[in-house]
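Every read-out reported here was derived from the displayed coordinates using simple, explicitly stated rules and does not represent laboratory data. Since the model is a prediction, treat every value here as computed from it, not as a measurement. Note that we place each Cβ from the backbone using ideal geometry, even for glycine, and neighbour counts take in every protein chain shown.
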Amino acid sequence: MQIVAPTLLNLPLQVAEQVLEKLGVTDLLASRKVCRGLRSAVDKLGLPLNSIRFQNWKDEVRMHLNGIEEIKYTPEKPVDTIVAYNGLEKAIPGENFTRIAFKDLEGLLKHAITELSLYNNRDILENSFFEEALRTNKPVHIKSLRLYDFSINGIFKLLQYFDDQVLEDLEIFFVESNNGFEKIRSLDQWKNAKSFTFWGCAFDIKEIEHLFHFEKILITANKFTVRDAVKIRDDLLKRSTFRECSIYFEGYNSNPIKIAKVFQPDFTEGDNLWSHGSNKFKLHFAVHMFSCCIVN
């Protein structure tokens, strides 16, 4: 009598599901590729996936899942790919490493994810692979989105694939220029978001009032003047939705004492509280930074 070694597919459904529940995300992804039965079982179970950090570099792609597990895609010979995860390596002949990585990202975006960080290859500011991965899953349900090294036009294209009723936090890093930013402001994804970060490139401070619908603001700017402080005092801090704002800028363009007196004409060192109605705000004035937040 021939004894057949038990496999996951031969186990009772409840037992198989208990086994799958103990696997990490990368092992579950590998299980999906074994056969249709395991693919259905994993999809039914769902992936315990909260965050994805996808880094598209020139000679490799790295995908970090939940900040713990990592999948690395590298080229091998002209058209082969090596995929490495959990100390294992798998060779995939005749496939481009970038295309395989983006295909895996496309599959992951079918699942509910809280945070998504996309790092673009600076040599390719208009990367169609990102659009392809997002287009299949439109609208993509992401709460927090971070975009690194994209052009403004590229950001404008990508944002349209995200669910404007789900996206709350938008963070943009290291754009070469913010020319054309008005296109982004026309999107519902921009209008409905609650938090905005713009870092690594100077935001046009003359457009600061276009940020006032956000609850939280963090930006770098080329300057911050008394006029900008007046806008914040007379508009932003009077909005019921406001929570906090931090602006970093070149110090030689700012006078912290004059800015402080916009809020407190008799300002003295250490006096950093300002009130409007029943709301109290904590203010911070420095050579290179201004910040304010609600404290009640």
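Could you give each residue of segment 195-211 its phi-based ³J(HN,Hα) in whole Hz, using Karplus coefficients 6.51, -1.76, 1.60 with θ = phi - 60°, and x for Gly or Pro?
After applying 6.51 cos²θ - 1.76 cosθ + 1.60, I find 9, 9, 10, 9, 9, x, 8, 6, 6, 6, 5, 5, 9, 4, 5, 6, 9 Hz.
Test of understanding: what is the full-extension gain from Trp199 to Lys22, defined as 0.36 nm times their sequence separation minus their Cα-Cα distance?
Value of the extension gain: 59.8 nm.
Whole-Hz ³J(HN,Hα) for each residue in segment 239-249, computed from phi via Karplus 6.51 cos²θ - 1.76 cosθ + 1.60 with θ = phi - 60°, x for glycine and proline: what do you get?
Whole-Hz 3J(HN,Hα) from phi for segment 239-249: 7, 5, 8, 5, 10, 7, 8, 9, 10, 9, 7.
What FRET efficiency comes out for the pair His64/Lys280, r = Cβ-Cβ distance, R0 = 41 Å, nearest 0.05?
Values: r = 40 Å, r/R0 = 0.98.
So, using R0 = 41 Å, E works out to roughly 0.55.
With a cut-off of at most 11 other beta carbons within 10 Å, and DSSP calling the residue loop, which GluC sites (Glu not before Pro) in segment 216-296 qualify? Please list them. Intermediate values should be presented prior to the final figure.
On the way: sites: Glu244, Glu250, Glu269; in loops: Glu250, Glu269.
When the GluC sites (Glu not before Pro) of segment 216-296 are filtered for loop state and at most 11 Cβ neighbours within 10 Å, Glu269 remain.
Check each of the trypsin sites (Lys or Arg not before Pro) in segment 173-273 and keep only those in coil by DSSP with at most 15 other C-beta atoms within 10 angstrom; list them in order.
Those that pass, being in a loop and sparsely packed, are Lys194, Lys223, Arg239, Arg243.
When DSSP beta bridges are limited to those with both residues in the chain, what percentage is antiparallel, rounded to the nearest 5?
On the way: 35 of 67 bridges.
Within the chain, antiparallel bridges account for around 50 percent of the total.
Which loop trypsin sites (Lys or Arg not before Pro) in segment 41-102, with loop taken from DSSP, have no more than 12 other Cβ atoms within 10 angstrom of their Cβ? Don't skip to the end; give the middle numbers.
On the way: sites: Lys44, Arg53, Lys58, Arg62, Lys72, Lys90, Arg99; in loops: Lys58.
Answer by residue number: Lys58.
Post the alpha-carbon centroid distance, segment 213-243 to segment 36-109, in whole angstrom.
The distance from the Cα centre of segment 213-243 to that of segment 36-109 comes to 41 Å.
Can you give the FRET efficiency to the nearest 0.05 for Cys293 and Lys138, using r as the Cβ-Cβ distance and R₀ = 35 Å?
Values: r = 35 Å, r/R0 = 1.01.
So, using R0 = 35 Å, E works out to roughly 0.50.
Please report the antiparallel percentage of DSSP beta bridges with both residues in segment 49-180, rounded to the nearest 5. Write out the running numbers ahead of the final one.
On the way: 21 of 38 bridges.
Counting DSSP beta bridges with both partners in segment 49-180, the antiparallel share is about 55 percent.
Mind ordering 22-31, 78-87 by average Cβ neighbours within 10 Å, highest first?
Details: 22-31: 17.2, 78-87: 14.5.
In decreasing order of mean packing, 22-31, 78-87 become 22-31, 78-87.
May I ask for the Rg/Rh ratio of the chain, computed from Cα atoms with Rh as the Kirkwood radius, given to two decimals?
Numbers: Rg = 24.3 Å, Rh = 22.0 Å.
My calculation of the ratio gives 1.10.
Which angle from 0 to 90°, rounded to the nearest 10, does the C-alpha axis of helix 97-108 make with the longest principal axis of the chain?
It works out to around 80 degrees.
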